[in-house]
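K.L.:
Take this structure, written in structure tokens, and hold onto it; I'll ask about it next.
The values are calculated or read from the model by the stated rules, or taken from the named source; none is laboratory data. All of these numbers come straight from a predicted model, not from anything done at the bench. In this analysis, Cβ positions are derived from the backbone assuming ideal geometry, glycine residues included, and neighbour counts consider all displayed protein chains.
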Amino acid sequence: MVNATALITGASSGFGEALARRFANEGWRLVLVARRFGRLQRLQEELGGPAKVHIIELDVRDRAAVVAKLGERPAPFLDVSLLVNNAGLALGLEPAWQADPDDWDTMVDTNIKGLLYVTRAILPGMVKRNRGHVVNLGSIAGSWPHPGAHVYGASKAFVQQFSRNLRADLIGTRIRVTNIEPGLCETEFSFVHFKGDRAKAEELYRGNDPLVPEDIAEIINWVVKMPSQVNINSIEVMPITQTWGALPVKPV
Ligand code: NDP
């Protein structure tokens, strides 16, 4: 059984919630972060109460709040050995010239800046103890272009390159960095992406045999349980029903 602390952002839903359950089973102490505090409270109760699970209501876009609230952790949860930067979202389906700039701000502020703020808050402790693992949630959209993915895909390309550059900075330490790059997985992601249109979100998943959050939790659990000399740099994973598209050519 693991006797260490993992901090998961975006633990109120999807991958983060599945991972919290999986890690609780493996014996991790957990720090769970999200904005929807009621959901975190229910998860805390389910997974063993405040002795095992510390919950933090936090919007990762708020830099001052990230510093303040992550700094307030009680003693058993101070030394974070594993950080999972999972909080993130896609917003809107329009092409770039019709997209809402507010959606772009939200994606950049959450997927890029929020991830940076949390990493900056947690990493010094890992470096000091010369022990740790940062797992970031990228996406296939960070590597492969597709229509409508403009800023979301670019934000995940940032996560991919930031993960690699973190590895470069951390040479000479025992701190590992991994970028997980999933394809289609059924969570609340599409509900958020389609701005609350549940029917449309369900249609995308129906019959397409998507990944499920427990698949991602299983993969992350495998990555972190590898022997300490092994660093998995990245893992790209798609459901069997998904693959790359053709390079389109169209008369103008
Ligand atoms: P969900 O919508 O189910 O979960 C997203 C989580 O992020 C929620 O817990 C949400 O919590 C949290 N979150 C969003 N914004 C903020 C914020 N500003 N501050 C704190 N927490 C926030 O989606 P997934 O589980 O699918 O997504 C998790 C990650 O995986 C994301 O980074 C996503 O981009 C990535 N991903 C998802 C794929 C998929 O197909 N599902 C594919 C590839 C990557 P709350 O709203 O309570 O704050």
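K.L.:
Look at Leu170 and say whether it is surrounded by 13 or more Cβ atoms within 10 Å (Cβ to Cβ), within 14 Å of the ligand (Cβ to nearest atom) and either among the aliphatic types (A, V, I, L, M) or under 23 Å from Arg131 (Cα atoms) (or both).
P.N.:
Working: surrounded by 13 or more Cβ atoms within 10 Å (Cβ to Cβ): yes; within 14 Å of the ligand (Cβ to nearest atom): no; either among the aliphatic types (A, V, I, L, M) or under 23 Å from Arg131 (Cα atoms) (or both): yes.
Answer is no for this residue.
K.L.:
Sticking with this one: Which residue pairs have Cβ atoms under 7 Å apart, sit 6 or more places apart or on different chains, and have a first residue in region 184-202 that is acidic (Asp, Glu) and a second that is at pLDDT 95 or above?
P.N.:
From region 184-202, the pairs are Glu186/Tyr205; Glu186/Pro210; Glu186/Val212; Glu188/Ser13; Glu188/Gly14.
K.L.:
Looking only at residues in region 1-23 that are more than 16 Å from the ligand (Cβ to nearest atom) and at pLDDT 95 or above, which one is surrounded by the fewest Cβ atoms within 10 Å (Cβ to Cβ)? Can you show your working first?
P.N.:
We begin by selecting, within region 1-23, every residue more than 16 Å from the ligand (Cβ to nearest atom); these are 1-5.
Narrowing the set further to residues that are at pLDDT 95 or above leaves 4-5.
Values: Ala4: 16, Thr5: 20.
Result: Ala4.
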